[in-house]
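The values are calculated or read from the model by the stated rules, or taken from the named source; none is laboratory data. Keep in mind that what you see is a predicted model, and the values were worked out from it rather than measured. Here the Cβ is made from the backbone with ideal geometry for all residues, glycine too, and neighbour counts use every protein chain on show. Remember, those area values only see protein heavy atoms, side chains included, never the ligands or the DNA or RNA. Shrake-Rupley method; radii C 1.70, N 1.55, O 1.52, S 1.80 Å.
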Amino acid sequence: ALQRIEDRWADVQNHFLAPGDPTCRAFDGALRLARWLAQPITAATDLASATTDYVRDGSWVDTALVAARRGADNPTAAAALRALIDAAAERRARHDRIFAAALADSPTPAVQTVENVLHDFVIPLAKKTPTLLIVVDALSMAATNALVTALQRDGWIEFSATADTYRGAALAVLPTLTMRSRCSLLCGELREGPDTVERTGFMSVIRAAQLGPTGGVPDPIFHKKALDAVPSGLALAIDVNNAIADVANQKLVAVVLNYVDDTLHHTDPGGTDWNLETITHLRALLYAAKNAGRAVVITSDHGHLIEYGNSVK
């Protein structure tokens, strides 16, 4: 059955209207789900293996589910999509339960946690090469898959922060709220508070690592309003551009982008394409980093799951 689907899909892709067609995009996700459903089920045995399974497999299933759920106008096509979505969602739920049980049994998780990302990955990198840390608030692993694809099309190359060459992951702070997870990420320890606490904690960490700015330059951490260009006409605020360009004095610069988190509150995250155009300031930040010769670390404080009306109330 899978081979017949693959053959029919190859025929569809040869049609000149296929690229960019909404139904084709939905069925591209559905085909990925069909491939996954054809694979044997492997059950994780602990939190580390469950985390690895999600990064390498489950997150891509979630990316495909988002695409497939955008749907089709034709009733026959819609019914086919629904059958695949329901089967994949049921199987995904089993993996979720395994992950949740493993997390509950791990009071001290034997995996990377968000409060250690700065010390374990970002600072060692910044000591070797000037670095720009971009924290995209609420960016999920599923959305990251789509975003990295867009970045690669724009000429960027992804490097792994881990020894096994796979994309790195870290557990967020529970409950997964910005004032806890993002604060802990930027402070390098379990903390809670608004952006003022994040700023103080971040500056303390980078100065202790001897990466702090010298010569009275502004603190190299920028939140939402500080990124907007004033006066208008520039894609990025002058202070932000200057900080990124100053690789001699500012080895590590951090920016916080709130677009994804804002989208969760005000629009349809399932209908949003996560790329350089939709995430405000991202393209301008990457352009500035490339011109300055900085490495770029893109991470998040916590992710998100889209509610499709089928969760337990």
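Is it possible to state the helix-based mean residue ellipticity at 222 nm for the chain, with each DSSP H run of 4+ residues giving -39500 (n - 2.57), the sum divided by total residues, to the nearest 500 deg cm²/dmol? What is it? About -14500 deg cm²/dmol. Ranked by the mean number of other Cβ atoms within 10 Å of their residues, highest first, the peptides 17-24, 111-118 come out as 111-118, 17-24. With respect to the chain, whose longest principal axis is taken over its alpha-carbon atoms, helix 22-37 is tilted by about 80°. With the simple spin-label model, which puts each label point 7 Å out from Cα in the Cβ direction, the W156 to V247 separation comes to 1.7 nm. Placing unit charges on each Cβ (+1 for Lys and Arg, -1 for Asp and Glu) gives the chain a dipole about its Cα centre, and among A30, L252, A104 the Cα reaching farthest toward its positive end belongs to L252. Charged side chains reduced to their Cβ positions (Lys and Arg at +1, Asp and Glu at -1) give the range 148-239 a dipole of some 120 debye around its Cα centre.
Accessible surface of the range 9-82, 1.4 Å probe: 57 percent of it comes from carbon and sulfur atoms. The angle between the Cα long axis of helix 282-292 and the main principal axis of the chain comes to about 50°, on a 0 to 90 degree scale. Centre-to-centre, using Cα atoms only, the range 9-34 and the range 218-264 are separated by 38 Å. What the range 122-266 shows is 49 Å² of accessible area per residue, with the surface traced by a 1.4 Å probe over protein heavy atoms. Solvent-accessible area per residue in the range 1-117 equals 59 Å², computed with a 1.4 angstrom probe and all protein chains kept.
Computed extension gain for N74 through A226, at 0.36 nm per residue and net of the alpha carbon distance, reaches 50.1 nm.
Report the full-extension gain for the segment S49 to A235: residue separation times 0.36 nm, less the Cα-Cα distance, to one decimal in nm. Contour length minus the Cα-Cα distance gives 62.7 nm. Under the convention that each Lys and Arg Cβ holds +1 and each Asp and Glu Cβ holds -1, the size of the dipole of the range 229-313 around its Cα centre is about 320 debye. Peptides 137-148, 3-14, ordered by how many other C-beta atoms sit within 10 Å of their residues on average, highest first, read 137-148, 3-14. Total lysine pairs in the chain at Cα distances under 26 Å, for residues eight or more apart or on different chains: 9.
The relative contact order of the range 114-234, computed from alpha carbon pairs under 8 Å that lie at least 6 residues apart in sequence, is 25 percent.
On full extension, the segment bounded by V148 and K127 gains 5.1 nm, given 0.36 nm per residue less the C-alpha separation. If R0 is 35 Å, the Cβ-Cβ spacing of Q210 and T278 corresponds to a FRET efficiency of close to 0.40.
For the chain, a crude dipole built from +1 on the beta carbon of Lys and Arg and -1 on the beta carbon of Asp and Glu, taken about the Cα centre, is about 280 debye to the nearest 20. Each residue of the range 8-16 is assigned a 3J(HN,Hα), and the resulting list reads 5, 5, 4, 5, 4, 5, 7, 6, 5 Hz, derived from the Karplus form 6.51 cos²θ - 1.76 cosθ + 1.60 (θ = phi - 60°), x at Gly and Pro.
Under 8 Å for C-alpha pairs, at least 6 residues apart: give me the relative contact order for the chain, rounded to a whole percent.
22 percent
Compactness of the range 211-313, taken as the C-alpha radius of gyration over 2.2 N^0.38 Å, stands at 1.28. Hey, of (i) 66, 49, 37; (ii) 83, 42, 33; (iii) 61, 38, 37, which did the structure itself give for Cα extents along the principal axes in Å when calculated? Among (i) 66, 49, 37; (ii) 83, 42, 33; (iii) 61, 38, 37, the one derived from this structure is (i).
Would you work out the relative contact order for the range 167-206, in percent, from Cα pairs under 8 angstrom that are 6 or more residues apart?
Rounded, it is 30 percent for the range 167-206.
Phi angles of the range 200-213 translate, via the Karplus equation with coefficients 6.51, -1.76, 1.60 and θ = phi - 60°, into HN-Hα couplings of 4, x, 4, 5, 5, 5, 6, 6, 5, 8, 6, 10, x, x Hz per residue; Gly and Pro are given as x.
Between A83 and D7, the C-beta separation translates, for a Förster distance of 30 Å, into a calculated FRET efficiency of about 0.95.
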